[in-house]
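Student: I have a structure here, written as structure tokens, and I will follow up with some questions on it.
Derivation of every value follows stated rules applied to the coordinates shown; laboratory data play no part. The structure presented is a predicted model; accordingly, all values stated were derived computationally and were not measured. Methodologically, a virtual Cβ is constructed for each residue, glycine included, from the backbone with ideal geometry; neighbour enumeration extends over all protein chains shown.
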Amino acid sequence: MISPEIQQRIDYARQIIRQARHLVVFTGAGISTPSGIPDFRSKGSGLWEQYDPMEVASLTTFRNHPERFWEWKRPLMLKIWDAHPNPAHQALARLETQGKVRTVITQNIDGLHQRAGSQNVLELHGSIETMNCPGCARRYPSLQFRPLLEQGQDLPRCPVCQRILKPDVVLFEEMLPHDTWQAAEEHCARADAILVAGSSLEVWPAAQLPEMAVSHGATLILVNLSPTHLDTRAEVLLPLDVSEAIPQLAQL
Ligand code: ZN
């Protein structure tokens, strides 16, 4: 049930989106939780509780204990492949088709924006869709290894040199992909409006981007269930579930 006050905010946000000439969207884990993909910062997700994310999702663990890395990554990848885009992903894709959204900058690795139909997606933390071989640098579509991962015994290995494969996601201790970061920075510098959806803005350096856009004069619409450090700088603050709020914002 949406209160009249929140409804007013939604109407105002819609007006900002209608008038925007360069609207950028920034998304985090919260946009995929309605699709059933757990956020490692929220309790009760199961997939993360037995692990310390900083430890298991690190380059050191992948190199020194690949079996431990894959024991954690395997169920997450299978869960992502079984998941479907939710109404928030779909609404953002529609806004792009209508020429409203210039780009979606996402912290997520699940590819759900693309599966919903978004074309211009900047994946700051990479994607599980491909894997690379640390030995010979060959790259493979991850789905090729799905049957093996479902079986749950052997680790995915490079068919050429037999090294254990690494998904093309950014791990702790790794740099963000340079070209993607640069493109995201350029969009944030040019944006006249930025819609942050489902991000607590806690993961750095990704969280710097919305702040950069605001500092360059972009109007901030912020949809997130929990408070963020940018709340006070938001023109419109919507503490709602993204799958409820974003489809309404997209009804222009
Ligand atoms: Zn190889």
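Student: Please work out the Kirkwood hydrodynamic radius for the range 1-118, using every pair of different C-alpha atoms, and report it in angstroms with one decimal place.
Tutor: Computed over Cα pairs of the range 1-118, the Kirkwood hydrodynamic radius comes out at 16.5 Å.
Student: Take every DSSP beta bridge with both residues inside the range 104-252 and express the antiparallel ones as a percent of the total, to the nearest 5.
Tutor: Given both bridge residues lie in the range 104-252, the antiparallel proportion sits at roughly 40 percent.
Student: Okay, next question. Considering only V203, S215, Q182, whose Cα is most displaced toward the positive end of the charge dipole of the range 168-215, charges sitting on Cβ of Lys, Arg (+1) and Asp, Glu (-1)?
Tutor: S215
Student: Would you mind pulling out the separation of the Cα centroids of the range 59-86 and the range 159-201, in Å?
Tutor: Going from one Cα centre to the other spans 17 Å.
Student: Would you please classify the overall shape of the range 139-210 from the alpha carbon gyration tensor, given that a ≥ b ≥ c denote the square roots of the eigenvalues, rounded means a/c under 1.5, and beyond that prolate means a/b larger than b/c while oblate covers the rest?
Tutor: Judged from the Cα gyration tensor, the range 139-210 comes out prolate (a/c at least 1.5, a/b above b/c).
Student: When Lys and Arg each count +1 and Asp and Glu each count -1, what net charge do the other residues less than 13 Å away from L252, Cβ to Cβ, add up to?
Tutor: Values: positive: R14, R18, R94, K100; negative: D11, E96.
Summing Lys and Arg as +1 and Asp and Glu as -1 gives +2.
Student: While we're here: Sum -39500 (n - 2.57) across every DSSP H segment of at least 4 residues in the chain, then divide by the residue count to get the 222 nm mean residue ellipticity, nearest 500. The partial results should precede the final answer.
Tutor: Numbers: 10 runs with 94 residues, N = 252.
Result for the chain, helices only: -10500 deg cm²/dmol.
Student: If you don't mind, there's one more thing I want to ask. What's the local net charge at T61, with K and R +1, D and E -1, over the other residues with C-beta under 13 Å away?
Tutor: Neighbour charge sum, excluding T61 itself: -2.
Student: If you don't mind, there's one more thing I want to ask. If I take every Cα pair under 8 Å that is 6 or more residues apart in the range 192-240, average their sequence separation and divide by the length, what percent do I get for the relative contact order?
Tutor: 41 percent
Student: Now, a different point. Any idea what the dipole of the chain comes to, in debye rounded to 20, about its Cα centre with Lys/Arg Cβ at +1 and Asp/Glu Cβ at -1? List each step's numbers first, then the result.
Tutor: Numbers: 23 positive and 28 negative charges, 122 e Å.
For this selection, approximately 580 debye.
Student: Here is a follow-up. May I ask for the net charge around R21, where only other residues with Cβ less than 14 Å from the Cβ of R21 are counted and Lys, Arg are +1 while Asp, Glu are -1?
Tutor: Working: positive: R18, K100, R102, R190; negative: D192.
Taking every other residue near R21 into account, the sum is +3.
Student: List the residues, sorted by chain then number, that are 5 or more residues from T103 or on another chain and whose placed amide H is less than 5 Å from its amide H.
Tutor: V25
Student: Counting only C-alpha contacts under 8 Å and six or more residues apart, can you give the relative contact order of the range 62-137 as a whole percent?
Tutor: For the range 62-137, the relative contact order is 25 percent.
Student: Of the beta bridges DSSP finds with both residues in the range 1-158, what % are antiparallel, to the nearest 5?
Tutor: Beta bridges within the range 1-158, antiparallel portion: roughly 25 percent.
Student: Also: Considering Cα pairs under 8 angstrom that are at least six residues apart, work out the relative contact order of the range 1-105 and quote it in whole percent.
Tutor: About 41 percent, as a whole number.
Student: Note down the magnitude of the dipole of the range 109-151 about its Cα centre, charges +1 on Lys and Arg C-beta and -1 on Asp and Glu C-beta and zero elsewhere, to the nearest 20 debye. Don't skip to the answer; put the middle values down first.
Tutor: Working: 4 positive and 4 negative charges, 32 e Å.
Dipole magnitude for the range 109-151 comes out near 160 debye.
Student: Does the chain come out rounded, prolate or oblate, given a ≥ b ≥ c as the square roots of the eigenvalues of its C-alpha gyration tensor, rounded meaning a/c under 1.5 and, failing that, prolate meaning a/b above b/c?
Tutor: Working: a/c = 2.05, a/b = 1.85, b/c = 1.11.
Because a/c hits 1.5 or more and a/b exceeds b/c, the chain counts as prolate.
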